[in-house]
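In what follows, a structure is listed as structure tokens, so that the remarks can point back to it.
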Amino acid sequence: MKVVRPGTRVWVTGSAGVIGRELLTLLSARGADVLSIDRVALDAPRPGVRHLTLDLGAGDLDEVRAFAPEVVLHLAAAFERSRETPEFWGHGWNDNVLASHRVIEATAALPSVSTFVFASSYLLYDPSLYLFATPRSAPVLLQEEMPLAPRNLCGAAKWYAERELDFVREHLSPNLRTVLPRIYRVYGRGSRDVVSRWVRAALRGEPIEVWNGASRFDYVYAGDVAAGILCLADTEAAQGSVNLATGRAHSVDEMLATIASRLPVPADTVKRVRVDEPFEASAADVGRLRALTGWSPQTTLEQGIDELIAYERAQGAPR
């Protein structure tokens, strides 16, 4: 039996983001009773969803306590490029460390909550496993048991939240089921990710900057991430860290070529930027995800890019 059923009270954070919007649509279709929180407004109302515009790092969570959620799906986070700028430091603290702490603290005080799914990241894994001085033709398949050494501030915040949830289960809420999907390179409709940015640039005839085109990433469509999060919430046997991605990697150049096979990308609009950074070659080992749920992401990179093109054109982008 599914954990999230019609009428189940679900608290979703980061719900205005690219994954959150997809997740709200799935929850609404299922008939869940949803309390949605994000620092920005939603793009559109959804049946069964009540939205609060709130900064989780500082806002009052009394309405959450009154709502008494049964399931918490915590997506809220801030991201930059892997090499973060000094300006990100303050945002990362408030939107990642402090916000997650307050969500976990509120959950620990709510006996109504049985399931907590925290959107973690592959940035927890030791970067020496998948970063190289020269390009690699195949990715390293990262497994949940591999060594952890957070790559940046965002990865460190995810690691700390995972450890806080372990602490809560051990000392405060032993019956709380916590699931930690480690998510890879997300792209989706209306997002700021590189795939979406390049689709928009190609539609507008704007320049495209390519950094380390031979790097290889596990690109996973936001709709699939939302479906995976809900699937893990529904699977009572799911507990602890689970990779959530496709298990396949594409180079940056391959991703750009896929866009160029569908949209005009003149060679003189592509600017290759030289950077003194290692080449990434990473993908998820999704064996645990499949074993637990019997499910895996269904959207290929080609299908996802077609979805982005159709979405951007519906928003009024040039044809």
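Of all residues in the range 174-203, those satisfying the criterion of being hydroxyl-bearing (Ser, Thr, Tyr) and crowded, with 21+ Cβ neighbours inside 10 Å are Thr178, Tyr184, Tyr187, Ser196. Look at Ala32 and say whether it is of a type outside the set (Lys, Arg), over 16 Å from Ala108 (Cα atoms), out of contact with any helix residue (DSSP H, G or I) (no Cβ under 8 Å at 6 or more places or on another chain) and surrounded by 20 or more Cβ atoms within 10 Å (Cβ to Cβ). Yes, satisfied. Looking at the structure I just gave you, is Ser296 part of a strand (DSSP E or B), of a type in the set (S, T, N, Q) and in contact (Cβ under 8 Å) with a residue 12 or more places away in the chain? No, not satisfied.
Scan the range 262-283 residue by residue and report those that are in a strand (DSSP E or B) and surrounded by 13 or more Cβ atoms within 10 Å (Cβ to Cβ). I'd like the intermediate steps shown before the answer.
Here is the first cut: in the range 262-283, the residues in a strand (DSSP E or B) are 270-273, 279-283.
Listed by number, the residues that qualify are Val270, Phe279, Glu280, Ala281, Ser282, Ala283.
Report whether or not Leu141 is in a loop (DSSP other than H, G, I, E, B) and over 18 Å from the mean Cα position of the chain (by Cα). So that I can check it myself, show each step before the final result.
Numbers: in a loop (DSSP other than H, G, I, E, B): no; over 18 Å from the mean Cα position of the chain (by Cα): yes.
In short, no.
So for the range 113-126 (the condition being in contact with a Pro (Cβ under 8 Å, 6 or more places away or on another chain), assigned to a loop (DSSP other than H, G, I, E, B) and crowded, with 18+ Cβ neighbours inside 10 Å), does at least one residue qualify? Yes, the conditions are met somewhere in the range 113-126. Looking across the range 82-133, the residues that are closer than 18 Å to Glu280 by Cβ and among the aliphatic types (A, V, I, L, M) come down to Leu123, Leu124, Leu129, Leu131, Ala133. Of all residues in the range 228-255, those that are surrounded by fewer than 21 Cβ atoms within 10 Å (Cβ to Cβ) and part of a loop (DSSP other than H, G, I, E, B) total 6.
Given the options Pro135, Pro111, Pro127, Pro86, name the one that is farther than 29 Å from Gly213 by Cα, out of contact with any helix residue (DSSP H, G or I) (no Cβ under 8 Å at 6 or more places or on another chain) and not β-branched (Val, Ile, Thr). Steps first, please.
Numbers: Pro135 fails: farther than 29 Å from Gly213 by Cα; Pro127 fails: farther than 29 Å from Gly213 by Cα; Pro86 fails: farther than 29 Å from Gly213 by Cα.
Pro111 is the lone residue from the list that is farther than 29 Å from Gly213 by Cα, out of contact with any helix residue (DSSP H, G or I) (no Cβ under 8 Å at 6 or more places or on another chain) and not β-branched (Val, Ile, Thr).
The set of residues in the range 195-229 being under 16 Å from Arg262 (Cβ atoms) and hydrophobic (A, V, I, L, M, F, W, C) consists of Val195, Trp198, Val199, Ala201, Ala202, Leu203, Ile208.
Readers should treat all values here as calculations from the given coordinates under stated rules, not as data from a laboratory. It should be emphasised that the depicted structure is a prediction, and the values quoted were computed from it without experimental measurement. Neighbour counts run over all protein chains shown; Cβ positions are idealised from the backbone, glycine included.
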